[in-house]
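Everything below concerns the one structure shown next.
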Amino acid sequence: MAEGDSSQLRPQFGNRLLTDPDKVFEHNAWDRVEWDADQEKVAEQAVKHNSSVFLPSDKNVEYEVNAGDYWDSFYMQHQNRFFKDRHWLFTEFPELLGTQVSCDHPSSHTNDTGDHGNYGGHENKHAQCATFRIFEVGCGAGNCVFPILQTSSYKELFIYCCDFAPSAVSIVKDNKMYDPSKCHVFLCDITDTPMPLPPPNSVDIVILIFVLSAISPHKMVSAVANLVAALKPGGLLLFRDYGCYDMAQLRFKPGKCLEKNFYVRGDGTRVYFFTKEEVSELFQKAGLKEEQLFVDRRLQVNRGKQLKMYRIWIQAKYRKPLLPSTS
């Protein structure tokens, strides 16, 4: 894809609708799939069954204490094989392309209070000089940062990206597309206060995609507060994560539930499944204004095996209010 070229992007979610059930296997996925009462009831019963017994509290503590080690082992095992082309990234979040910035929510470059000059005791002139800054949280193998660097039309763009796992940070640094003049990857637990980077009020966009679900629900408030602090007034937070009754939740067996809607996988990593109401409350209580929030229900199919897989994600956009005018 040419730089800044959106002509080859996947159509935005919601445009491929299944109107004839007999044609379900003609495509790999269908949008806006409605569930009937029976399907909803089956999902409720599955969750009730797999969460009927919570893991002992000491195991819950163990998974919390060792969370970083489990994610580090995950990336050490998978390396960049876990890198997936998020073909939907720019269709769902065109703000990342640099072609759709609302004039009603100007970036506060002229009122920038962030100190971009230092991290780890070393001056970062590239971040200091950038006119648009993005912070990708939980960068993994670079699933967002590298497509953005390749595609975005922002001319003076700088991307901060962090992960909880040292091995993920190493994978990003070792990628041939990693350019310290355009991005900086660092190790970070976003529930810690204060975060080492980015500085307060310094970034235009925070990307939070399939990340918050890996954090204990008891620490989500502090994590979101840290991210809001990093946003400039007028800045935007982009969110996408697992929704309740997603196929991944229904597949858990009893004995893997830590607490309501929070599970541990076989590799020790954890995952939370959100309701739309929880997402709205979490971000609005942090002081952000809701611009988008919807449940993305999709039907993915395996045409070879004639299998149907129902996925549910929550997608949202939240804006940090502008500072009152002093004029």
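The values are calculated or read from the model by the stated rules, or taken from the named source; none is laboratory data. For clarity, every value in this text was computed on a predicted model and none was experimentally measured. Here the Cβ positions follow ideal geometry from the backbone for every residue, glycine too, while neighbour counts run over all protein chains shown.
Some values worked out for this structure:
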item: The stretch 50-68, residues that are in a helix (DSSP H, G or I) and either surrounded by 14 or more Cβ atoms within 10 Å (Cβ to Cβ) or at positive phi (or both); result: Asn50, Asn60, Glu62, Tyr63, Glu64, Ala67, Gly68
item: Residue among Phe239, Phe164, Phe210 that alone is of a type in the set (Phe, Trp, Tyr), buried (at least 19 other Cβ atoms within 10 Å of the Cβ) and in contact with an Asp or Glu (Cβ under 7 Å, 6 or more places away or on another chain); result: Phe164
item: Selection status of Pro200, part of a loop (DSSP other than H, G, I, E, B), exposed (fewer than 15 other Cβ atoms within 10 Å of the Cβ) and in contact (Cβ under 8 Å) with a residue 60 or more places away in the chain; result: no
item: Residue among Asp112, Asp85, Asp72, Asp104 that is under 30 Å from Met309 (Cα atoms) and modelled with pLDDT under 90; result: Asp85
item: All strands (runs of 3 or more DSSP E) inside the stretch 258-327 with 2 or more residues being in contact with a Cys (Cβ under 7 Å, 6 or more places away or on another chain) and crowded, with 21+ Cβ neighbours inside 10 Å; result: none
item: Tabulated pairs, the stretch 168-185, first part of a loop (DSSP other than H, G, I, E, B), second of a type in the set (Gly, Ala, Ser), C-beta under 7 angstrom, 6+ apart or interchain; result: Asn175/Gly142
item: For His218: the one exception among (1) in contact with a Gly (Cβ under 7 Å, 6 or more places away or on another chain); (2) free of Cβ contacts under 8 Å to residues at least 24 places away in the same chain; result: (1)
item: Any hit, the stretch 123-139, residues being in a helix (DSSP H, G or I), modelled with pLDDT of 90 or more and surrounded by 14 or more Cβ atoms within 10 Å (Cβ to Cβ); result: no
item: Residue identified as more than 15 Å from the chain's Cα centre (by Cα), under 30 Å from Tyr75 (Cβ atoms) and hydrophobic (A, V, I, L, M, F, W, C) among Phe283, Phe262, Phe273; result: Phe262
item: Hits in the stretch 214-236 (condition: among the polar types (S, T, N, Q) and either crowded, with 21+ Cβ neighbours inside 10 Å or farther than 23 Å from Phe74 by Cα (or both)); result: Ser222, Asn226
item: Single residue of Leu293, Leu288 found to be within 16 Å of the chain's Cα centre (by Cα) and farther than 20 Å from Ala46 by Cβ; result: Leu293
